[in-house]
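**Q** Here it is: the structure, laid out below.
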Amino acid sequence: MAYRFPGMDPYIEKRELWPDFHQNLAVECQGQLNAHLSENYYAGVSLWTASEELSISTAHTTYPDVGIFDKGRDVAEVAEVYAATDSQPRTAPIRRVYRPAIDIKQFAVRIYLTHSSELVTSIEILSPTNKREPGLDKYRVKRAGLTSSQVHLVEIDLLRGGERPGPEVNEPPIDTDYMLLVNRYAEGDTRASDIWPVAMSETLPMLLIPLLAPDADIELDLYTAIRAVYVRGVYERRINYSKPVPPPNLRPEMAAWLQQQKAA
């Protein structure tokens, strides 16, 4: 199956597709990293959950709250009226469909030291839950914990929608589709983030994953990983490319670019 995009496929952002893609991308990245890491390290997939409360739909039923009774009726007649009423289904004034909070699985790829299982690098592949409340706030707490430790943080944001969690990409905001970020541990109070803004029309760069000094960075070929997941997950048969791209709306220049690609 031919992959249609030079980088990320925006159709995979569809709600029904993303969880499957997210999990498989984490596993693919794990395998790619383990194939190139020295025996001093290993990569594992970390699973954690974030609760997400789904919407509650409301339906209203209206009927009088005042009853008029004929005082002339005797007790037996009134009893018959109630008996007839009881034989009919009673409807509450409000009906709400309750959807309880569900656990959204979040997958991260983590690199550990082999001899001690000490965490060296956390590679966070953002999901929609990480980019909207209440999950956004929870992820920011997790992010702050990582960046205040001796762990390197790598953030892979392949979603156009939602709010990006890092202050370094929001102040000022960067107008792009996808964002790759590497925040390296450094002694002292200052940690810098290397940021790669990537448009939908651009190829994803080779991402450099930091390890412990003096070991050199290891490369993560994110584009190759995405294509492998696309083929294994048979997304070609699951996506209708004649339909519009899932929300949010494309940036005008990307909408024009995609229209040109479809016309070619």
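**Q** Which condition does K105 not pass, out of (1) in contact with a helix residue (DSSP H, G or I) (Cβ under 8 Å, 6 or more places away or on another chain); (2) modelled with pLDDT of 90 or more, if it passes all the others?
**A** (2)
**Q** Ok, one more. What is the residue count in region 163-183 for residues that are surrounded by fewer than 18 Cβ atoms within 10 Å (Cβ to Cβ) and either of a type in the set (K, R) or in a loop (DSSP other than H, G, I, E, B) (or both)?
**A** 5
**Q** Which one of the conditions (1) hydroxyl-bearing (S, T, Y); (2) modelled with pLDDT of 95 or more; (3) farther than 30 Å from A263 by Cα does S46 fail to meet, given that it meets all the rest?
**A** So the condition that S46 fails would be (2).
**Q** Scan region 164-177 and tell me whether some residue there is more than 28 Å from N249 (Cβ to Cβ) and touching a helix residue (DSSP H, G or I) at 6+ places or on another chain (Cβ under 8 Å).
**A** The answer is no, given that none of the residues of region 164-177 is more than 28 Å from N249 (Cβ to Cβ) and touching a helix residue (DSSP H, G or I) at 6+ places or on another chain (Cβ under 8 Å).
Condition check ((1) surrounded by 12 or more Cβ atoms within 10 Å (Cβ to Cβ); (2) under 19 Å from the mean Cα position of the chain (by Cα); (3) modelled with pLDDT of 70 or more) across all residues:
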position	(1), (2), (3)
Y63	no, no, no
D74	no, no, no
Y112	yes, no, yes
T121	yes, no, yes
I125	yes, yes, yes
K131	yes, yes, yes
V141	no, yes, yes
S149	yes, no, yes
L153	yes, yes, yes
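**Q** In region 163-184, is there at least one residue being more than 21 Å from the chain's Cα centre (by Cα) and of a type in the set (F, W, Y)?
**A** No; the residues of region 163-184 include none that is more than 21 Å from the chain's Cα centre (by Cα) and of a type in the set (F, W, Y).
**Q** Going through region 215-228 one residue at a time, which ones are part of a loop (DSSP other than H, G, I, E, B) and touching a residue at least 60 places away in the same chain (Cβ under 8 Å)?
**A** Matches in region 215-228: D215, D221.
**Q** Quick test of your reading of the structure: V231 fulfils all but one of (1) touching a residue at least 12 places away in the same chain (Cβ under 8 Å); (2) in a loop (DSSP other than H, G, I, E, B); (3) farther than 28 Å from R132 by Cα. Name the failing condition by number.
**A** It is condition (2) that V231 fails.
**Q** Right, another one. Return the only residue of E187, E202 being touching an Asp or Glu at 6+ places or on another chain (Cβ under 9 Å), in a loop (DSSP other than H, G, I, E, B) and among the acidic types (D, E). Before the answer, list the steps.
**A** Details: E187 fails: touching an Asp or Glu at 6+ places or on another chain (Cβ under 9 Å).
Being touching an Asp or Glu at 6+ places or on another chain (Cβ under 9 Å), in a loop (DSSP other than H, G, I, E, B) and among the acidic types (D, E) holds for just one of E187, E202, which is E202.
The values are calculated or read from the model by the stated rules, or taken from the named source; none is laboratory data. This one's a predicted model, so the numbers in the text were calculated from it and none came from an experiment. Using ideal geometry, Cβ is built from the backbone for each residue, glycine included, and neighbour counts are taken over all protein chains shown.
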